[in-house]
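Working notes, structure below.
The values are calculated or read from the model by the stated rules, or taken from the named source; none is laboratory data. Small disclaimer: the values here were computed from a predicted structure and weren't measured. Glycine gets a Cβ as well: all are built from the backbone with ideal geometry, and neighbour counts include every protein chain shown. When the accessible area is computed, the model is the full protein with side chains, heavy atoms only, and any ligands, DNA or RNA have been set aside. Shrake-Rupley method; radii C 1.70, N 1.55, O 1.52, S 1.80 Å.
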Amino acid sequence: MAPTLTVGAISAVEAGDLELRPVVQVVEVKPIQRTQERYRVVVSDGASTGQVMLATQLNGLVKDGRLRRGSVVQLLEYIASTIESRRIIVVLNMEILIMECEVIGNPKLSAEHSSNLISHKVSSSDNSGYPRAHSINGASGSVRNNQNSMMNGKNAPTFNPTAQPSYKPPPSYKNHGAIMKNEAPPRIIPISALNPYQGRWAIKARVTAKGDLRRYNNAKGDGKVFSFDLLDSDGGEIRATCFNSVVDRFYDVVEAGKVFMISKGSLKPAQKNFNHLNNQWEIFLEATSIVELCQDEDNSIPTQQFNFKLISDVENVENNSIVDIIGIVVSVNPSVTILRKNGMETQRRILNLKDASGRSVEVTLWGEFCNREGRELQEMFDSSAFPVLAVKAGKVNDFSGKSVGTISSTQLFINPNIAEAQNLRDWFDREGKTTTSLSISKDVMPGSHRNEVRKTVAQIKDEGLGRGDKPDWITIKATISFIKTDNFCYTACPLMIGDRKCSKKVTKQGNGRWCCDRCDRELEECDYRYLLQAQVQDHTGVTWVTAFQESGEEILGCTAKELNTIKYEAQDDSRFGEIIRRCLFEEYILKLKVKEELYGDEQKVKISVVKAEKVNPSLESRYLLDQISKISVSM
């Protein structure tokens, strides 16, 4: 039984019916000769035909042979556009119902499509110069066979020639003035249907985020840019970007939370390094673009769209991923000043979120977030309130566990009026307030080895660890067999820069004062910091590691200043030797940072101790039993 095609589908779709989702049949598939591979398809509704241009993501259907002449398909997402003076249906998504069947009905080529076929007669003719006949009903071979018979000569069958229309000279055209443009308003379409092949379009969407005005300088000179994110009633999202003079037109017009009608922009591929929205395109507004405020509030367009992840799921997300999370604020640290690598100062505030997954995570607020939402959260927390915080577009960082930080496009919502926030509040008031959560942001959690990548000493060399673009973070169980006692510490600057000490090396001047080149100041006293060189070994080999201040104190059990006083001021060699000896031949769990660095003209792998703990027999036994159980399951 032949499938049923949607009656009148071609005329309805070309007229702009985007909700029809018609069932049609493919009667011709042709590649388009362009730099980018594309396909033009003629489809039929059983009575008439229309031309379809496939979006590039559907090319695989043609290459695999699934979409061909006779295929019956349902058009799921499409848009009608005028391209090169022809009405073309651009198909974004389709479903193949039947891969191949006989032609259904008696479809006729429209006058427009017939003229298109005639205009391509050179490309569709054979070497004899006769054009190849086109027929939807499969009778294309009859005329060609007759032509071949005529060329063969004597036994050529006779047939009645087709009457040709009389010749008419082309009309002469005169200049009657400018042609009036089509000033009809463009049709509103969903954001999900936008593509670069449309001529005239308009979208109605709410501004969910407005970026700051940024200035830049490159080879073309100085410039300025800002972007804003849009959301429509169908849940489609897209970013719009303005440059230079266009910024002057729209920066003060665009307002977050308002609904706008936008048209006459160009679509280009989204730069995923900076654009986290779920859309492959980005709108670039131009001098002719239109951005109009919709005075009547459209409640069908949501104010924001979230794609929340549980905090426990963030633990398995790749570094630098963009995520939405929601949780109860359980701690807020004061805002501190941080000196960036470029020498500029900025503000940083760290808070902790927990959710019903049994995990908590550090959220780092940077810049204005510290003084805006951060200060409000601090006041609420100090008054014994535990606010709900939704983070839209936070960036995942995997340094020492997983954390989430703000970026320029991040949005923070305190106690948002959404179902997820209410559910979280009910859970927290019922049981969550007294429930213990494990942090995914710490180096090592008691009784847990989730963040460990356990290696042996030999694997550091055998696997080439540290030789990539980023350092390798590993954990080993090893014994300290030797510690260098010469130059075990260095004199350091004790001045505070933001929330941490400068710690750069200082030198003693002739006047007895200490000079820090970084801070450009002379000091009465200096600090002492560990630079401990130690040899560690396990059952596979031996290697050298460097332990700095915190890890040095964890190994030796005293500060660098105390040890320096014992050795050089008190000159108590026996006590100094006792401190060193009690660390030797003890087993430690060492968390290491392995990174290749340049020393002079030679590349060397540097291994630094990030954290050191003496082996806890109970926890280590639990870890080994867990590893044995994993091996047993896999066998």
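Name the chymotrypsin sites (Phe, Trp or Tyr not before Pro) in region 378-441 that are in a loop by DSSP and that have at most 15 other C-beta atoms within 10 Å, would you?
On the way: sites: F381, F399, F413, W427, F428; in loops: F399.
Answer in residue order: F399.
What distance in nm separates the two pseudo spin-label positions at D462 and L495, each 7 Å out from Cα along the beta-carbon direction?
5.0 nm
Quick one: pull the percent of accessible area on region 482-631 belonging to carbon and sulfur, 1.4 Å probe, ligands and nucleic acids left out.
Details: 4200 of 8990 Å².
Carbon and sulfur: 47 percent of the exposed surface of region 482-631.
Could you name the lysines whose alpha carbon sits less than 30 Å from that of K508, not counting residues in the same chain fewer than 8 places away?
K341, K484, K561, K567, K606
Please give the FRET efficiency for A15 paired with E376, using the beta carbon to beta carbon distance and R0 = 45 Å, rounded to the nearest 0.05.
Values: r = 52 Å, r/R0 = 1.16.
FRET efficiency, A15 to E376: 0.30.
Beyond 27 Å between alpha-carbons counts as too far, so tell me which of K272/K501; K354/K392; K604/K630; K455/K504 fall in that bin. Intermediate results must be reported in sequence, preceding the final value.
On the way: K272/K501 37 Å; K354/K392 16 Å; K604/K630 36 Å; K455/K504 32 Å.
Pairs exceeding the cut-off: K272/K501; K604/K630; K455/K504.
Expressed as a fraction of 2.2 N^0.38 Å, the rule-of-thumb size for a compact globular protein of N residues, what is the C-alpha radius of gyration of region 278-323? Write down the numbers at each step before the final one.
Working: Rg = 17.3 Å, N = 46, 2.2 N^0.38 = 9.4 Å.
That ratio works out to 1.84.
Fully extended, how many nm does the chain gain between E596 and R454 (0.36 nm per residue separation, minus their Cα-Cα distance)? Please list the in-between numbers first.
Values: separation 142, 0.36 × 142 = 51.12 nm, distance 1.95 nm.
Result for the pair: 49.2 nm of gain on full extension.
If contacts are Cα pairs under 8 angstrom and at least 6 residues apart, what is the relative contact order of region 224-290 in percent? Walk me through the numbers on the way to the answer.
Numbers: 95 pairs, mean separation 24.2, N = 67.
Here the relative contact order equals 36 percent.
Report relative contact order for region 179-285 in percent, whole number only (criteria: Cα-Cα under 8 Å, sequence separation at least 6).
On the way: 196 pairs, mean separation 30.2, N = 107.
This gives 28 percent for region 179-285.
Show me the GluC sites (Glu not before Pro) within region 252-306 that DSSP assigns to loop and that have at most 12 other Cβ atoms within 10 Å of their Cβ.
Listed in order of number, the matching sites are E255, E297.
List the trypsin sites (Lys or Arg not before Pro) within region 524-585 that DSSP assigns to loop and that have no more than 16 neighbouring Cβ atoms inside 10 Å. Mind dumping the intermediate values first?
Numbers: sites: R529, K561, K567, R575, R581, R582; in loops: R582.
Of the trypsin sites (Lys or Arg not before Pro), the ones in loops of region 524-585 whose Cβ has at most 16 other Cβ atoms within 10 Å are R582.
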